[in-house]
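In what follows, a single structure is set out as structure tokens and then discussed.
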Amino acid sequence: AADLPRRAAPPPAFTPVPVFTWTGFYAGVNAGAGFGGGGGTVTDATYGPVSLGSRNAAFVGGGQIGYNYQVTPGSGFVVGVEADIQGTTFGQARSGLVGTTSFYDVGPSLDWYGTVRGRLGYAFDRFLVYGTGGFAYGGGSTPSNASYYTGTLPGSFRTGWTAGGGVEYAITERLSARVEALYVSLARDGGSGGLVYDTATSAYYGLGRRSADFGVVRAGLNYRFSTD
């Protein structure tokens with residue numbers, strides 16, 4: 001009886017655990033805050049420099065799309081490209097006084113901006129640390145009181161550059177969360193600049209060469225599409 005064959009169950013088949021990879025197309029949304037932007041001045045012959053004020057903290061939010069390629073799945077360098085478009089609530093000083101005379105800033109605001117950036121990072125399995133930088137652009141609206149300004153108004157569309165970095169964690173195979181910080185520098189306002197006094201409204205209207213440099217801190221969610 002000891003020599004009879006045994007009816008033992010076969011050993012379970014080994015199923016390897018899939019190695020996580022960041023490679024693939026993705027799309028997502030983000031929201032955060034923008035901080036400041038350089039101010040500017042115009043000069044009056046009587047009262048001297050008149051401050052145009054700087055941009056205040058603002059809500060920033062929008063969406064992004066991109067593609068990552070991970071050189072070595074599981075760990076290793078990740079390269080990619082990303083484009084995003086953002087709306088902002090940046091404000092700027094619109095009125096004040098030159099001596100005792102009313103003053104109105106007619107420079108365009110910054111209502112939106114976007115970027116097209118390269119990305120380079122290193123992945124520790126589902127945790128990605130990266131740097132990013134590239135092209136930036138943006139634009140906004142001109143206040144209604146600009147109709148009283150007799151100088152040359154600049155166009156609202158401007159271009160520049162951006163750089164920053166962030167961290168991203170893959171919550172699931174498809175969904176990841178990130179925190180990112182960027183510095184954005186757009187070209188200064190153009191136009192003729194200076195102060196103009198309008199006798200019909202008894203007010204000054206001024207346009208200076210204002211910078212549009214600001215920082216952004218934002219959080220986001222990405223959905224990565226399957227590459228199978």
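The values are calculated or read from the model by the stated rules, or taken from the named source; none is laboratory data. Please read these numbers as outputs of a predicted model, since none were measured by experiment. Note that we place each Cβ from the backbone using ideal geometry, even for glycine, and neighbour counts take in every protein chain shown. Just the protein is used for accessible areas: all its heavy atoms, side chains included, with ligands, DNA and RNA removed. Shrake-Rupley method; radii C 1.70, N 1.55, O 1.52, S 1.80 Å.
Summary of computed values
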{"item": "Test: residue 71 is modelled with pLDDT under 95, under 24 Å from residue 226 (Cβ atoms), touching a Phe, Trp or Tyr at 6+ places or on another chain (Cβ under 8 Å) and aliphatic (A, V, I, L, M)", "result": "yes"}
{"item": "Inter-residue pairs, beta-carbon under 9 Å, first at pLDDT 85 or above and open to solvent by less than 10 Å² (accessible area, probe 1.4 Å) and in segment 206-218, second assigned to a loop (DSSP other than H, G, I, E, B) and not hydroxyl-bearing (Ser, Thr, Tyr), 6+ apart", "result": "214/36; 214/37; 214/38; 214/55; 214/90; 214/110"}
{"item": "Checking residue 42 against (1) open to solvent by less than 60 Å² (accessible area, probe 1.4 Å); (2) modelled with pLDDT of 95 or more; (3) hydrophobic (A, V, I, L, M, F, W, C), the condition it does not meet", "result": "(2)"}
{"item": "Residue tally, condition modelled with pLDDT of 85 or more and under 11 Å from residue 203 (Cβ atoms), over segment 77-105", "result": "4"}
{"item": "Residue check, residue 169 modelled with pLDDT under 95, on the phi < 0 side of the Ramachandran plot and part of a strand (DSSP E or B)", "result": "no"}
{"item": "Identity of the residue in segment 182-196, part of a strand (DSSP E or B) and surrounded by fewer than 19 Cβ atoms within 10 Å (Cβ to Cβ), that ends up modelled with the lowest pLDDT", "result": "194"}
{"item": "The lone exception for residue 199 - which of (1) buried (at least 18 other Cβ atoms within 10 Å of the Cβ); (2) more than 26 Å from residue 85 (Cβ to Cβ) it fails", "result": "(1)"}
{"item": "Residues within segment 139-153 that are farther than 25 Å from residue 32 by Cα, open to solvent by 20 Å² or more (accessible area, probe 1.4 Å) and either touching a Phe, Trp or Tyr at 6+ places or on another chain (Cβ under 9 Å) or in a loop (DSSP other than H, G, I, E, B) (or both), tallied", "result": "7"}
{"item": "Filter pass, residue 179 being part of a strand (DSSP E or B), open to solvent by 40 Å² or more (accessible area, probe 1.4 Å), closer than 20 Å to residue 113 by Cα and touching a residue at least 12 places away in the same chain (Cβ under 8 Å)", "result": "yes"}
{"item": "Residue that is farthest from residue 223 (Cα to Cα) [pool: residues in segment 142-193 that are within 23 Å of the chain's Cα centre (by Cα) and hydroxyl-bearing (Ser, Thr, Tyr)]", "result": "142"}
